[in-house]
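The values are calculated or read from the model by the stated rules, or taken from the named source; none is laboratory data. Keep in mind that what you see is a predicted model, and the values were worked out from it rather than measured. Every residue, glycine among them, receives a Cβ derived from its backbone with ideal geometry; neighbour counts consider all protein chains shown. Just so you know, the surface numbers come from the protein's heavy atoms only, side chains and all, with ligands and any DNA or RNA stripped out. Shrake-Rupley method; radii C 1.70, N 1.55, O 1.52, S 1.80 Å.
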Amino acid sequence: MPRFSANISFLFTELPFRERFKAAADAGFTGIEFLFPYEEPAEELAALARENNLEVVLFNIWPGEWAEGARGLAGIPGQEEEFARRLNEALNCARALNCRRLHAMAGLEGQGANLETLIGNLRYAAAEAAADGVVILTEPINRRDMPGYLVHHTAQARTIISSVGAPNVRLQFDLYHRHIEEGGVGSAISEFADLTAHYQVAGPPDRGEPDLGDLDYVDLFGRIDATGYGGWIGCEYRPRKETREGLRWANALGVRFDGGAS
């Protein structure tokens, strides 16, 4: 069974950000991910990860002013220099955190995002990240939750990855987003297994814990296992109540966060 990482931008939000490291470790997680670490000194976050025996699995390149509606720079024409600057910032942070996966958000079509710009920026990012062994991820995000997001179909992401043509540009496959936008999650796991470097999960339709809702995660985790995937599955969901209470879903589904059998 793959290992599960806690996305502490979604989980343990009852606590200040720094306290979430220990909370994740106490809950049995050995990996964490988060959206944007840039408001905290990277060296201090790295120390917290070490103290709690946590691997930092993934975070996002800065996507623009989130509060003002930005949802990524990688596909926005005219923002190439800013994307390059923010990529360098993310790579410096990744070195400090010993993190090997960065998600490059594409941006919104209504803000000018287009595939040509995205492909060019991903090609640049791949070359810059290669020396550090960092994988650059592109993620299809459903248009119900994020209207107008440029990359919303899994096959679209495959075309983008192929067009970039770099071995360290891969797919971030969020099963929740796939279900909401396209359906067919089970068959897509095997179809896109060779491109996938990171999975994320949540329970549709409300993006809560993955034990209720429209998807059979016992079956889906089995399908991921069957592909030979040895990476992480990110728990990027919104707890329906208090985070720790909601973590009972793991026992219900027969998994452990460290990848062992429950």
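Put simply, when 12-19, 191-198 are sorted by average Cβ atoms within 10 angstrom per residue, most first, you get 191-198, 12-19. What the pair-distance distribution of the range 45-100 shows, using all Cα-Cα distances binned every 10 Å from zero, is 23, 41, 26, 9, 0 percent.
Please state the equivalent ellipsoid semi-axes for the range 215-262: what are the square roots of 5 times the Cα gyration tensor eigenvalues, largest first, in whole Å?
Working: eigenvalues 83, 25, 23 Å².
Those come to 20, 11, 11 Å.
Percent of alpha carbon pairs in the chain separated by more than 35 Å? Mind dumping the intermediate values first?
On the way: 3073 of 34191 pairs.
Here the long-distance tail beyond 35 Å is 9 percent of all Cα pairs in the chain.
Amide H contacts under 5 Å for GLU55: GLY31, ILE32, restricted to partners 5 or more places along the chain or on a different chain, H placed in the peptide plane at 1.01 Å from N. What the phi angles of the range 12-22 give under the Karplus curve with 6.51, -1.76 and 1.60, with θ = phi - 60°, is a coupling list of 6, 6, 5, 10, x, 3, 5, 6, 6, 4, 5 Hz, glycine and proline written as x. Annotation: amide H-H contacts under 5 Å for HIS103 (H modelled 1.01 Å from N, sequence separation of 5 or more, or interchain): PHE59, ASN60, ILE61, LEU137. Placing SER5, SER163 in order of accessible area, with the largest value first and a 1.4 Å probe, yields SER163, SER5. Here the 3J(HN,Hα) profile of the range 93-104, calculated from phi with Karplus coefficients 6.51, -1.76 and 1.60 at θ = phi - 60°, is 5, 4, 4, 5, 8, 6, 9, 10, 9, 10, 9, 9 Hz, Gly and Pro shown as x. Here, the range 1-61 has an Rg and a Dmax of 10.6, 34 Å when only alpha carbons are counted. Only helical runs count toward this figure. For the chain, summing -39,500 (n - 2.57) over DSSP H runs of n ≥ 4 and dividing by all residues gives -10500 deg cm²/dmol at 222 nm. Sorting 169-175, 156-162 by average packing, meaning the other beta carbons within 10 Å per residue, from highest down gives 169-175, 156-162.
Taking packing as the residue-averaged number of other Cβ atoms within 10 angstrom, the listed peptides 118-126, 241-249 run from highest to lowest as 118-126, 241-249. Here the range 108-262 yields Rg over Rh of 0.98, to two decimals, using C-alpha coordinates and the Kirkwood radius. A simple rule links phi to the HN-Hα coupling: the Karplus curve 6.51 cos²θ - 1.76 cosθ + 1.60 with θ = phi - 60°, which for the range 160-168 gives 4, 4, 5, 5, 5, x, 10, x, 9 Hz, with x for Gly and Pro. Across the range 1-157, Cα-Cα distances exceeding 26 Å account for 28% of all pairs. A simple charge model with +1 on the Cβ of Lys and Arg, -1 on the Cβ of Asp and Glu and nothing else charged puts the dipole of the range 84-131 at about 260 debye relative to its Cα centre.
I want the local charge near HIS153. Using Cβ-Cβ distances under 11 Å, sum +1 for each Lys or Arg and -1 for each Asp or Glu among the other residues. If you can, show how the numbers build up before the last one.
Values: positive: ARG143, ARG158, ARG178; negative: GLU181, GLU182.
Summing Lys/Arg as +1 and Asp/Glu as -1 gives +1.
Between Rg and the Kirkwood Rh of the range 155-233, both from Cα atoms, what is the Rg to Rh ratio? All intermediate terms of the calculation are to be shown ahead of the outcome.
Details: Rg = 12.6 Å, Rh = 13.0 Å.
Ratio of gyration radius to Kirkwood radius: 0.97.
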